[in-house]
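All remarks here apply to the structure that follows.
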Amino acid sequence: MSAPRARRRTVLAAAMGVPVAAALPSVALAGSPGGYVSSRGGPGRFALAGAPVVVSEADFPGVLRVAEDLRSDLGKVFGTDVSDENPPIIIGTIGRSPLIDQIIARGKLDVTGIRGKWETTVEQIVDHPLPGIRRAFVIAGSDQRGTIYGAYDLSRTIGVSPWYFWDDVPVARRDNLYVLPGRHTQGTPAVKYRGFFINDENPATGTWAPSYFGPGKAPGYPGGLNADYFAKVFETMLRLKANYLWPAVWGRAFAEDDPQNHATATRYGVVMGTSHEAPMMRGIEEWNRHPTGTGEWSFRRNPDAIKAYWRFGAERMRDENIEGVITLGMRGNGDVSLPDGDGIDLMSSIIDNQRAILQDTGLIGRPQVQTLYKEVQRYWDQGYRPPDDVTVVFCDDNWGNLRKLPDPSLPARSGGYGMYYHFDYVGDGRNYKWADTVNLTNTWEQLHLAYTSGVDRLWVVNVGDLKNEELPLQFFLDYAWNPSAWPVSRLGEWTRGFAAENFGASLAPAIAEVLEEYGRLQSRRKPELLNRRITVDPSKDIATDSSAVVYDDQATPFSLTDYDEIDRVTEEWLALARRASHLRRKIPAAWQDAFYQLVYYQVKDTAIIYDLRRAEFTNIRYAAEGRAATNALASRAEELFAEDQAMTDYYNNTLAGGKWHGWQLQPKIGYGNVARYGPNAPWQQPELNNVALPDEIYPYLQRITVPAAPAMGVASSLPVLSPWQSLPAQHIEVYNKGTTPFRYTISSGAPWLRVTPSSGTVRDQVRPVVTVDWKRAPFGVTSVPVTITGAGSTTVVPVSVSRPALKPAGFLEANGYVAIEADHYRRRTGNWLLLPGIGKTGNGLVSLDGTGRLDYTVTLTSSGPVTVTAYLSPRNNTRPTDGLKYAVSVDDATPQVVNVTKATGANDTTMNRQWARNTSDNINRTSTTHTVSGPGKHTLTFWAVDPTVIVQRLVIDTGGVKYSYLGPPASRKA
C-alpha cells in the first residue's frame, strides 16, 4: 500500500498559478446528470480537501497511474496540504486490490450489481472501512477501467475539465468540496467499446506534434506521434470514459513510430484497434514501409506476403499482451476499393485466412470486427455474412448519415453490431477538416436510431485531429455511455453542462446559446464549400444521369440577388460573432485561452469567412456590371482575408504562450482552384495552407478601371409585392459606373407606391426602399412603372403589385410561393418527434413509426398546377427496403408517394454525385406536382410512410420561387 506524503502549501500554490478568487460558484458536470459532490459541508459528508489518495500496489498499472492523476487533480483544486491524518480516498479494483477486497469482506461495501460488470464503479463514504481508518471515501471498480473511470469522474466533478491539456482549461481553486452520503455509481456503459479515430491529421497534428513532443523514437520514422503524444490522447480518452482508439494513419505506424506506443496503451488501460483499411492490428503504413513478395497490396497476386504480414500483427498482439479489437477484411492501400475487384468469394477467402491465423496464434477468442465501409457494404447487401462472433460495423456516409442498420428480421449475432461515424472527413463532395460543423440534434438523432436498432457493441467516430471536435466528441461518448440520460429534450441542458464544466456556471447559459447557434449555422454548409454551388440540370433525370448534377466552384451557393439571402446569412454569423466577442470580455483572464479555443476562434473566424465570401462574390458580380463599388469590395475581401490570417497567426504563435505553434494551418478558403492545385482541387485540400496571397481567395477577386465620368446603372430583383409577403424590405439599387457622384430622382406611377428616398446623390450606390400603401392599392394585380433618372439617363422599372381579395387563413401565398416550417402544422396525427434546430431554417419532425400525417392550412391566390417541394434531412435508407418514402396531398386528392432515395439516386452505395449534392447542401429536396381547383383556402398534407424520414419544411411553388440555398423565407400566417 502506498500513500502520498504531506505537501507544502507554498509549493502547490506556486504550481497552480490560478487565483483563489476565480473559484467557480457551483459544481457542474456535462457527462452525468445529477452529482454526488456539494460545495457545502454537512452531516455525513466527506471533505475532499487534504484527503490522501490510497491505492494498493497490487492493483492494475492503469489504476496505479490514475491514482497519481487524482492526487494531482485534488492538489490543483484545493491547493492544500495532504495529511495522512485526514480520512483517505481509497481507490481500487474488485478482485485485484487487497484493500477493496478486505473492505468488502468486512461487510463495509456492498458491490452487488457491480462485481463482474463491465467498466462499472461504485463510490461510497464508508465508516471504519479498514482497521485504524475511521472513515474513507471508497472508489471501487468492477475492472481496471471501472476504477479508472471512477477516479476521473471525481476529478471532473470537482472541476478538472477533460480538456485541460488540449484547450488549456484552468482549474478553479476551492476551499473544500464534500462527497454526499449514499451509494453512487455512473452505471455500466450502454455501448461496450466507445472511442474515436485520429485521422486526416495533417497539417495540424502532423506539424504541431513533432515540435511539441519531439519526433518518433524509432530511427528513420520521424512521425512525431510518439508515446508522449499518445499518453495525452489516452488520458483524455479515459477522462471522457472512452476505451477504444484507432490511431493516426497518414504516413504513420503506431507500433513503429515509437516502440513504446503499445506499452503505453497497456499502461493506461486503453483498448487498441485499427481502422477499416488496416487489418490484423497493423496499420497500412507498416506495409508501405516493408513491402514483401511482389510488393503489391493484393491478396490475389501476393497472398503469401499478405498472410505473413497479418501473422506478424497477430503474433505481436499476443506476445506483447495488447488488449485490442482485431479488424478483419481488407481494402485497397490508401483507403480505396480493392485492386483485386469486388466479390464475396474473395472477401470470404480473406476472412477465412485471417481467422486461421488467429486460430494458430491463440487469438481466435479476442473481439473482432469487420467494418462495412463504402463499397464493402455491397457484400453485406448481396448476402455475405462474416462469422457470427465477428462484430459487424455499419458506417455512415462520411457526412453523418447512417447507411445501414441491422435488419430486425435477421437472427441476433453473438458478435453484435457496431458503428463508424464521422465528424471530420477527406473526400467527396469536399474535405471538411477545419472546424467543428456538427449539429448536435442531427447527431443525437442518428446515434439514437443506431442504439435503438441494436447497434451497441462498438462505436467509433472520426474526429480528425481530436482537438477542434471537443464538443461533439464529448457528447458522442456521453451518449454512448448512457443514452437514456440524454433524450433530445435535454440537449440544451447537456450543452449548458459542457459550458459550465469549462467556464463556470454563471456564464454557462450564454455560452451554451452561442455554441448551439454556432452548430445550427455551421451545419447549413461546411466552410470549405462556400465557393461551390451545386445545381441540377432540369433537362436531365437526376436519378439516372450523374451529369445532371452540376458543380460550379466559382459561384456562391447563396443567392446574391433574391430574398436578400447572402446578406441574411452573413449578418446572422456577424451577429453571433458579436455575441461571442461580448462574452469574451466577461471571461476571467485565466480562462481566456480556453474560451478562444473552445468558442471564440471558430465563431469569429467563420463569420470572417462568410463576410469575405459575401464581399468576394459581390465583387465579381459588380465587376461584370462595371460598378464603381467593385474595387472597394475587392479591398474589403482582402482585409477580411488578412483578419483570418491574423487569427491564424495568433493561434499559432501567441495563444497559450505559443503552445499551439503550427496547429492552425488547415486550409479553408482556396478550394476549387484547379489552375493552382491541379485536378484534385474540386475536393482535395489546397496545399499552400492559406498563405497570405491574394489568389488564395478563389474565385479570384476582380479589379476594374472606373472612368471619371458618372454613369447610372439600375438593378432590381423585386418580387411581386403583396401585403401577405414575409420578405424583408424591398429595394431598387441605383449605382454609379464612374468616380464622379451624380444626382438621381425617382418617380412612381401610382400615388400609393412609394420609393424612399426619391432623390439624392449616388457616389457608389444607393438602395431606395419600395413600399405600398395597402389601404389605397387596388385589388388584383397591377403593374406600376417606377422611373429613375440620373447622370443623363432614364430607366423604367416595372413593379408588380398584388392585393388579394381573398379572406386570409393559414399560411398565405405571396411572391409566387408558400413556405412552411414543418413544425408549424395546424393538426397532426401519429407519433411524431420534434427535433429542435435540426433544419437549416428551423426544426424538424420525424415519425417514430412511419404513420401519421401533418396538415397545413394555406390560402392560395392562384389555381392550376403547383409544385410542392419537401425539404428533408439527407438520410439514407438504412433498412432492407426499396427506399425511403413519404407522401403529399392537396385537399382530398390521392396522396402522391415519393421514394426519396430513388427519386434522387442518393442511396447508391458508391455515394455518387447526387448523394454528394445532398450531403454538401445538407438537404434532400424532392418535388411533386398537384392541381389546385381555385384560389382560396386549401389543406396541404404531409404523410409519413417510413420512420426515418425527417421533414424540415414544405414549399408550394405557384410560379414565383427563385433560386436560393435555404429556400424562400417562411410565409406569413393569418
Protection proxy (average C-beta count within 10 Å per residue), highest first, orders 211-220, 946-955, 504-513 as 946-955, 504-513, 211-220
With +1 on the Cβ of every Lys and Arg and -1 on the Cβ of every Asp and Glu, the dipole magnitude of the chain about its Cα centre, in debye rounded to the nearest 20, is 2320
In vacuo Debye sum over C-alpha of segment 193-486, base-10 log of normalised intensity I(q)/I(0) at q = 0.11, 0.14, 0.15, 0.16 Å⁻¹, listed in q order, is -0.62, -1.06, -1.23, -1.43
Note: ALA675 to ASP81 extended length (0.36 nm per residue) minus current alpha-carbon separation gives 207.4 nm
Mean Cβ-within-10 Å packing, highest first, puts peptides 378-385, 463-470, 164-171, 697-704 in the order 463-470, 164-171, 697-704, 378-385
Quick calc: nm separation of the 7 Å Cα→Cβ label points for ALA974 and GLN896 -> 2.5
In cubic angstrom per residue, the convex hull of segment 811-957 built on its Cα atoms measures 105
Computed about the Cα centre, the charge dipole of segment 527-696 from +1 Lys/Arg and -1 Asp/Glu charges at the Cβ has a magnitude in debye, to the nearest 20, of 680
If each part is reduced to its alpha-carbon centroid, segment 234-267 and segment 498-574 end up apart, in Å, by 34
Percent of all Cα-Cα pairs per 10 Å bin for segment 505-618, counting from 0 up to the last occupied bin, reads 13, 36, 26, 16, 7, 2
Cα-based Rg then Dmax for segment 425-578, in Å, read 18.5, 57
For segment 320-400, one quarter of the surface area of the C-alpha convex hull, expressed in nm², comes to 6.3
Computed about the Cα centre, the charge dipole of segment 832-972 from +1 Lys/Arg and -1 Asp/Glu charges at the Cβ has a magnitude in debye, to the nearest 20, of 380
One finds, for ALA729 and GLU68 with R0 = 60 angstrom and r their Cβ-Cβ distance, a FRET efficiency to the nearest 0.05 of 0.40
With Rh as the Kirkwood radius over Cα pairs, segment 573-665 has Rg/Rh of 1.09
Counting every C-alpha pair in segment 147-196, the percent lying more than 14 Å apart is 67
Per residue convex hull volume, Cα only, the chain, in Å³ is 185
extent check for segment 573-618: Cα max minus min per principal axis, descending, whole Å, gives 41, 16, 10
Note on segment 105-192: the mean projected area of its alpha-carbon convex hull, in nm², is 7.5
Within segment 560-581, the residues whose backbone N lies under 19 Å from a label point placed 7 Å from the Cα of VAL769 along the Cα-to-Cβ direction are 562-569, 571-572
Helix 630-653 sits off the longest principal axis of the Cα atoms of the chain, rounded to the nearest 10 on a 0 to 90 degree scale, by 10
Quick note on PHE60, PHE811, ordering by fewest other C-beta atoms within 10 Å, gives PHE60, PHE811
Subtracting the Cα-Cα distance of LYS586 and GLN260 from 0.36 nm times their residue separation yields 113.0 nm
When GLU235, GLU119, GLU320 are ranked with the fewest other C-beta atoms within 10 Å first, the list becomes GLU320, GLU235, GLU119
The distance between the Cα centres of segment 659-677 and segment 394-439, in whole Å, is 26
Rounded to one decimal in nm, the spacing of the 7 Å Cα→Cβ label points at ASP381 and ALA805 is 5.6
Between the residues THR495, PRO406, ILE534, the Cα farthest towards the positive end of the dipole of segment 397-539, that dipole coming from +1 and -1 charges on the beta-carbon of Lys, Arg, Asp and Glu, is from ILE534
Computed D for segment 703-857, Stokes-Einstein, Kirkwood radius over alpha-carbon pairs, 10 °C, 1.306 mPa s, to the nearest µm² per second, is 84
Charge dipole of segment 725-803 built from unit charges on the beta carbon (Lys, Arg +1; Asp, Glu -1), centred at mean Cα; most positive-end Cα among GLY738, SER758, ILE788 is SER758
Residues other than ASN502 with Cβ under 10 Å of its Cβ, Lys/Arg counted +1 and Asp/Glu -1, net out at -3
Fewest-first ordering of ILE350, ILE133 by Cβ atoms within 10 Å yields ILE133, ILE350
Share of Cα-Cα pairs in segment 9-184 beyond 20 Å, whole percent, is 50
Using eta = 1.567 mPa s and T = 4 °C, Stokes-Einstein with Kirkwood Rh from Cα pairs puts D for segment 527-696, in µm² s⁻¹, at 72
With a 20 Å threshold on alpha-carbon distance, the violating pairs from LYS467/LYS604; LYS217/LYS433; LYS232/LYS604; LYS307/LYS404; LYS117/LYS192 are LYS217/LYS433; LYS232/LYS604; LYS307/LYS404
Each label sits 7 Å from Cα toward the beta-carbon; between ARG743 and VAL550 the label points are separated, in nm, by 4.6
Rounded to the nearest 500, the 222 nm mean residue ellipticity computed for the chain from DSSP H runs (n ≥ 4, each -39500 (n - 2.57)) alone is -8500 deg cm²/dmol
Expressed in angstrom and rounded, the centroid-to-centroid distance over alpha carbons for segment 309-384 and segment 87-121 is 38
The summed charge of the GLY810 Cβ neighbourhood (under 12 Å; Lys/Arg +1, Asp/Glu -1) stands at +4
Of 641-647, 919-925, ordering from highest average Cβ density within 10 Å down gives 919-925, 641-647
Among SER348, PRO303, TYR268, the residue whose Cα sits farthest towards the positive end of the charge dipole of segment 268-362 (+1 at Cβ of Lys and Arg, -1 at Cβ of Asp and Glu, taken about the Cα centre) is PRO303
Taking every DSSP bridge whose two residues both lie in the chain, the antiparallel percent to the nearest 5 is 75
Per residue, the convex hull enclosing the Cα atoms of segment 725-803 spans a volume in Å³ of 84
Here the gain from full extension of GLN702 to ARG826, 0.36 nm per residue of separation minus their alpha-carbon distance, amounts to 39.7 nm
For segment 369-492, the percent of all C-alpha pairs falling in each 5 Å bin, from 0 up to the bin holding the max distance, is 2, 10, 21, 22, 19, 13, 8, 3, 0
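No lab work stands behind these numbers, since they all come straight from the coordinates. In this text the structure is predicted, and so the values were computed from the model without any measurement. Please note: Cβ atoms are built from the backbone with ideal geometry, for glycine as well, and neighbour counts cover all protein chains shown.
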